[in-house]
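A quick write-up on the structure given underneath.
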Amino acid sequence: MSLAVPTALDYLIPDLRIHLGDDDLPYKYEDEYLRHTLVIACKILMKKWRNRYIIDATYQVSRNAGITYEDDSPPIIQYSDEYAFILQASIMVKSAVLQDSAWDIASWRDDEISYSNIAGGAALKKSLQDDIDELAAWLRRRLFGSARQSLSGFKLPENIREGYI
């Protein structure tokens with residue numbers, strides 16, 4: 001499947017590049033590849049967001065008219081949702097890189113030379129897990145709101161209502 005046609009997600013490609021550390025020319029990833037991962041990220045996040053965004057057969061993204069948004073359009077993607085798209089796309093790119101490099105992660109030694117890239121594989125795996133954990137935490141905060149807790153050792157008087165402080 002080719003996504004050579006620009007989508008409403010293309011403006012997120014530079015931010016995705018920065019998140020992946022792909023900000024020097026020549027780029028490691030082509031725009032079309034990153035566009036494709038952003039489209040798949042939209043499809044994955046649709047279920048979690050109860051179809052907040054709709055993607056059609058031509059991979060154009062639009063807002064679901066039945067949902068109230070914090071920000072007016074444009075851009076199509078709400079500013080507060082952009083980071084989730086970037087994280088989800090990053091997870092897919094890093095997973096593909098880890099899968100592709102699985103056969104190359106090795107360690108060997110002879111009498112004169114030793115080679116190991118096991119630490120590089122572990123770093124990539126940790127980076128992938130960090131993105132997964134961050135997206136999960138972001139979605140929890142976004143879907144359920146933040147939990148309000150008092151600071152330890154400090155409690156508000158019972159007669160003071162929230163919003164007056």
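Go through the residues of region 9-18 one by one and say whether even a single one is touching a strand residue (DSSP E or B) at 6+ places or on another chain (Cβ under 7 Å), modelled with pLDDT of 90 or more and part of a loop (DSSP other than H, G, I, E, B).
Residues of region 9-18 that are touching a strand residue (DSSP E or B) at 6+ places or on another chain (Cβ under 7 Å), as a first pass: 9.
Next, only the ones that are modelled with pLDDT of 90 or more stay: 9.
Narrowing further to those that are part of a loop (DSSP other than H, G, I, E, B): 9.
Yes - at least one qualifying residue is present in region 9-18.
Name the single residue that is farthest from PHE85 (Cα to Cα) among those in region 54-73 being touching a residue at least 24 places away in the same chain (Cβ under 8 Å) and in a loop (DSSP other than H, G, I, E, B).
We begin by selecting, within region 54-73, every residue touching a residue at least 24 places away in the same chain (Cβ under 8 Å); these are 58-62.
Checking which are in a loop (DSSP other than H, G, I, E, B) leaves us with 58-60.
Values: THR58: 19, TYR59: 15, GLN60: 15 Å.
Filtering first and then ranking leaves THR58.
Please go through region 79-98 and pick out each residue that is within 17 Å of ILE44 (Cβ to Cβ) and polar (S, T, N, Q).
To start, the set of residues in region 79-98 that are within 17 Å of ILE44 (Cβ to Cβ) comprises 81-96.
Of everything in region 79-98, those that are within 17 Å of ILE44 (Cβ to Cβ) and polar (S, T, N, Q) turn out to be GLN88, SER90, SER95.
So which of TYR53, TYR59 ends up being at negative phi, surrounded by 15 or more Cβ atoms within 10 Å (Cβ to Cβ) and hydroxyl-bearing (Ser, Thr, Tyr)?
Numbers: TYR59 fails: at negative phi.
Every option except TYR53 fails the conditions.
The values are calculated or read from the model by the stated rules, or taken from the named source; none is laboratory data. Note that the structure is predicted; figures quoted are calculated from it, not measured. As a convention, Cβ positions derive from the backbone with ideal geometry for all residues, glycine included, and neighbour counts pool all protein chains shown.
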